[in-house]
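What follows is one structure encoded as structure tokens, with my remarks underneath.
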Amino acid sequence: MSSDSSGICTATALELGRRIRIGEQTSTEITRAFLERIEAVEPAVHAFLAVDGERALVQAAAVDARVAAGEPPASPLAGVPIAVKDLFCYAGLPTTAASKMLEGWIPPYNSTVVQRLLDAGLVILGKTNLDEFATGSSTESSAYGPTRNPWDLERVPGGSGGGSAAALAAFEAPLAIGTDTGGSIRQPASMTGTVGVKPTYGGVSRFGIIAMASSLDQAGPCARNAADAAALHVVIAGHDAADSTSLDEPVPDVVAAAGAADVTGMRIGVVSQLGGEGYAAGVERCFTESVELLRQAGAEVIEVSCPSFAQALAAYYLIMPSELSSNLARYDAMRYGLRVGDDGSTSAESVMRRSRGAGFGAELKRRIVLGTYALSAGYYDAYYGSAQKMRTLIARDFAAAFDRVDVLVSPVAPTTAFRLGERVGDPLAMYKGDLCTLPANLAGVAAGSFPAGRSPEDGLPVGFQVMAPVLGDDRVYRVGAALERLAGTADFCRQAPVLPVAENGEASK
Ligand code: GLN
């Protein structure tokens, strides 16, 4: 990267918050630096679907005015910019879910997560790219073109939240928000050398998030280090009466856990089913070395068998499309969204058919057909019913494991970032990459991805997954932060290659 004299874009989010609080830098100055960086590298990365510079600067000025007036900051992250996955309603800005179906749709209200960000004084830079309706593992199913991985522009940044992860790795934002239904926060974090946490199901409100599979969807923080992620976690987590599945429990003390970063005496279970055949040697190597670092730091490492995890892929790819197909039924061209072929003479059915045909991409259609089939009379018990039984067995495996250990660990994905186009024509190969992340969604437990170094095979980032029991989110951060300290990966993204910078854009460091 070229010079960034004020060191804004590479600073941590908490450091930026501190500078704003003590008056060393203004939120306006910081926000401008990120907007310039976005302008400079977006032609290469395409992490954003919408940049909202004007409103961001208004929000920044409001924080600066509070600081100038000597008022206490709304949170440690007040004035710090953030990027939000384009699946969250944010009044006044289009929310597309990366689909043609919602092109140009502007929500009239804020999702709870967005509202909490604004209440905490964060500055929203814009909306990030994703696979269409969050269905995918590469951002290639976005109707607006893929995002590229800042570590290697010929490779995917993972998905579905590839835009949020790439924005962090490209230093376009110090923080981002994602959602994780089957791994969409963790797998992109793994592939971009960033941190991403899927909180316990119900830990963060789903109100105002475009639904994918409601019993699995969970919003969470994305950052470049564990402490920043924890600080963001507490801003967005906590009970919300507007979401019936929101947990009415205290938010685990993830900030203290990330600060402690200590695994002495912790029992860490290595899942024997997640690894081995089919996993890249470089991924296995980084994983084994990370486990060894934790062991040397005082953790007790135990091998744990979770036999039902082998069924997670089949269970997920029945339950998720079933819920997805029902959630997508609302895009009927009658209430909002795309409407095609309505000349006043055609039937409602034909308008619906044409609109859905034009509005949804191929991957989404594949899943709608799968889900509708799995739910149809005569097949319901055989498919959806069996998948729910497998889900119960997976939850039991977790429960039995957490009787013996404090956390479970595994790779996040069997490979590092793959090449753009490599898996587009082979949906099963794409799905198989989700193997390690799906069990946590099916059981609703907390899980996160933290950098475990670079693969000796291709030099690309490898993530380390930490899973903890329901409401044990603090353990995820404790282990993740410890690994970050032991492996020296707090500033991991600085190792990424220099990105090409647009002609007239002024790059910051
Ligand atoms: N890759 C998974 C899928 O395609 C996960 C998606 C997600 O978590 N939103 O379904």
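Sketch the reach of a paramagnetic label on ARG485 as a point 7 Å from Cα along Cα-to-Cβ, and name the residues of segment 275-309 whose backbone nitrogen lies under 19 Å away.
290-301
Compute the length gained on full extension between SER350 and VAL369: take 0.36 nm times their separation in residues and subtract their Cα-Cα distance, giving the result in nm to one decimal.
5.0 nm
Using DSSP to call loops (not H, G, I, E or B), can you name the GluC sites (Glu not before Pro) in segment 412-509 whose Cβ has at most 11 other Cβ atoms within 10 angstrom?
Passing both the DSSP loop test and the Cβ count: GLU503.
Please list the helices of the chain that count as membrane-span-like by this rule: a mean Kyte-Doolittle hydropathy of at least -0.5 together with Cα atoms stretching 18 Å or more along the helix axis, each helix being a complete DSSP H run.
Once both thresholds are applied, what remains is 27-45, 53-68, 281-296, 312-327, 362-375, 386-404, 473-487.
Contour minus end-to-end for LEU153 and SER214, with contour as 0.36 nm per residue of separation and end-to-end as the Cα-Cα distance?
18.7 nm
Could you state, as a whole-number percent, how many of the C-alpha pairs of segment 213-287 are farther apart than 19 Å?
Summing the P(r) tail past 19 Å for segment 213-287 gives 60 percent.
Over all pairs of distinct alpha carbons, what does the Kirkwood formula give as the hydrodynamic radius of segment 6-90, in Å?
By the Kirkwood definition, the hydrodynamic radius is 13.5 Å.
If packing is taken as the mean number of other Cβ atoms within 10 Å per residue, what is the order of 240-250, 317-327, highest first?
Final packing ranking: 317-327, 240-250.
Rounded to whole Å, give me the distance from the Cα center of segment 225-283 to that of segment 325-402.
Comparing the Cα centres of segment 225-283 and segment 325-402, I get a distance of 30 Å.
Kirkwood Rh, Cα Rg: Rg to Rh for segment 133-263?
0.98
In nm, to one decimal, how far is the THR264 label point from the SER376 one, both placed 7 Å along Cα→Cβ?
The modelled label-to-label distance comes out at 6.2 nm.
Quick one: go through segment 54-70 and flag any residue whose amide nitrogen is under 18 Å from the point 7 Å out along the Cα-to-Cβ line of LEU118.
Backbone N within reach: 54-66.
Under a point-charge model restricted to the Cβ atoms of Lys and Arg (+1) and Asp and Glu (-1), what is the dipole moment magnitude of the chain relative to its Cα centre, in debye to the nearest 20?
Taking the Cα centre of the chain as origin, the dipole is about 580 debye.
Report the charge-dipole magnitude of segment 92-203 in Debye, nearest 20, computed about the Cα centre from +1 at each Lys and Arg Cβ and -1 at each Asp and Glu Cβ.
That gives segment 92-203 a dipole magnitude of about 180 debye.
Among 342-350, 367-375, 165-173, 229-237, how do they line up from the highest to the lowest mean number of other beta-carbon atoms within 10 Å?
165-173, 229-237, 367-375, 342-350
When the helix-only estimate is applied to the chain (DSSP H runs of n ≥ 4, each -39,500 (n - 2.57), divided by the residue count), what is the mean residue ellipticity at 222 nm, nearest 500 deg cm²/dmol?
-11500 deg cm²/dmol
Using the Cα centre of the chain as origin and beta-carbon charges of +1 (Lys, Arg) and -1 (Asp, Glu), tell me which of SER244, ILE368, ALA231 is placed farthest towards the positive end of the dipole.
The one lying farthest along the dipole's positive direction is ILE368.
Could you sort 398-409, 216-227 so that the peptide with the highest average Cβ count within 10 Å comes first and the rest follow in order?
216-227, 398-409
Evaluate Rg over Rh across segment 42-119, taking Cα atoms for both radii and Kirkwood's formula for Rh.
1.02
Modelling each spin label as a point 7 Å along the Cα-to-Cβ direction, I'd like the ASP458/GLU292 distance in nm, to one decimal.
In this crude spin-label approximation the distance works out to 2.4 nm.
Using Cα pairs under 8 angstrom and six or more residues apart, how large is the relative contact order of the chain, in percent?
21
Restricting to the chain, compute how many DSSP beta bridges are antiparallel as a %, nearest 5.
Antiparallel bridges: around 65 percent, rounded to the nearest 5.
With a Förster radius of 30 Å, plug the Cβ-Cβ distance of ARG285 and ASP253 into 1/(1 + (r/R0)^6) and report the FRET value to the nearest 0.05.
0.35
I want to check a number: in the chain, how many lysine pairs have alpha carbons closer than 30 Å, given a sequence separation of 8 or more or different chains?
Lysine pairs, 8 or more places apart or on different chains, close enough: 21.
Dividing the alpha-carbon radius of gyration of the chain by 2.2 N^0.38 Å (N being the number of residues), what value is obtained?
0.92
A short reminder: the numbers here are calculations on the coordinates, not readings from a lab. Nothing here was measured: the structure is a model prediction, and the numbers come from that model. So basically every Cβ, Gly included, is an ideal-geometry build from the backbone, and we count neighbours across all protein chains shown.
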